[in-house]
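Worksheet for the structure shown next.
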Amino acid sequence: AVALGAGGLVHLRQDFSDLYFVIHADTNRLYEALRAQAGNPFDANPCPPFAELPHDPKFADVARPMRQSADYPIPLPELCLYGGAITFADGMTRTRWLICHRAATFPIAATESSVAALHALIGLTDHPPRLAAALAAPPGATSPRGTL
């Protein structure tokens with residue numbers, strides 16, 4: 001579960017194969033990195049200033065699922081580094097919503113090709129990246145799905 005700044009929790013899940021790693025991102029470092037890459041040609045949808053985040057029209061689409069996440073956990077955002085920019089395979093709006101609602105940290109999914117660089121850029125040093133499938137299932141379980 002991810003604690004929000006004004007109270008409340010959001011529950012995230014990972015349900016990826018062994019192609020993904022989970023990184024615990026420092027939200028402030030992630031937001032600063034997203035803002036610093038403005039102008040990078042690979043940043044197709046630049047992150048707006050913090051004051052503009054609440055006005056994202058897609059927030060209406062994620063507000064209800066975020067509130068219901070205890071019963072229906074939300075998939076982790078999938079990030080990678082491409083051309084020196086943090087890019088999203090999935091979860092840009094979820095990430096911005098978590099930033100806007102002042103989550104201090106939250107897990108993200110990354111592929112092996114980006115995991116080391118993303119962890120160095122935005123990861124918590126006391127939480128090394130872990131293979132997603134290893135986090136998902138308790139010993140003896142066969143499902144690669146898990147709630148974080």
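For segment 62-78, the Karplus equation 6.51 cos²θ - 1.76 cosθ + 1.60, evaluated at θ = phi - 60°, returns couplings of 9, 4, 5, x, 5, 5, 9, 5, 5, 8, 9, x, 8, x, 4, x, 10 Hz by residue, with Gly and Pro reported as x. In this structure residue 130 has an accessible area near 110 Å², from a 1.4 Å probe over the protein heavy atoms. For residue 124, neighbours were defined as the other residues whose beta-carbon sits under 14 Å from its Cβ, and their charges (Lys and Arg +1, Asp and Glu -1) total 0. For segment 96-113, the Karplus equation 6.51 cos²θ - 1.76 cosθ + 1.60, evaluated at θ = phi - 60°, returns couplings of 5, 5, 5, 4, 4, 8, 6, 5, 6, 8, 6, x, 10, 9, 9, 7, 4, 5 Hz by residue, with Gly and Pro reported as x. The calculated FRET efficiency for the pair residue 53 and residue 111, based on their C-beta separation and a Förster distance of 25 Å, comes to about 0.45. Under 5 Å from the amide H of residue 13 lie the amide H atoms of 74, 76, 148, each residue being 5 or more positions distant or on a separate chain, with H modelled from the backbone and absent for Pro and chain starts. Annotation: amide H-H contacts under 5 Å for residue 47 (H modelled 1.01 Å from N, sequence separation of 5 or more, or interchain): none. Sequentially through segment 89-94, phi angles give Karplus couplings (6.51, -1.76, 1.60; θ = phi - 60°) of 7, 6, x, 4, 5, 4 Hz, Gly and Pro residues having no value and appearing as x. Taking amide H as placed 1.01 Å from N in the peptide plane, the amide H of residue 90 sits under 5 Å from that of 78, each at least 5 places away or on another chain.
Taking the helices alone, the chain has a mean residue ellipticity at 222 nm of -8500 deg cm²/dmol, built from -39,500 (n - 2.57) per DSSP H run of at least 4 residues and averaged over all its residues.
To two decimal places, what compactness ratio does segment 1-118 give when its Cα radius of gyration is scaled by 2.2 N^0.38 Å?
Ratio of Rg to 2.2 N^0.38 Å for segment 1-118: 1.01.
The values are calculated or read from the model by the stated rules, or taken from the named source; none is laboratory data. This one's a predicted model, so the numbers in the text were calculated from it and none came from an experiment. Ideal geometry is used to build each Cβ from the backbone, glycine not excepted, and the neighbour counts take in all protein chains shown. Heads up: the accessible areas ignore ligands, DNA and RNA and are worked out on the full protein's heavy atoms, side chains in. Shrake-Rupley method; radii C 1.70, N 1.55, O 1.52, S 1.80 Å.
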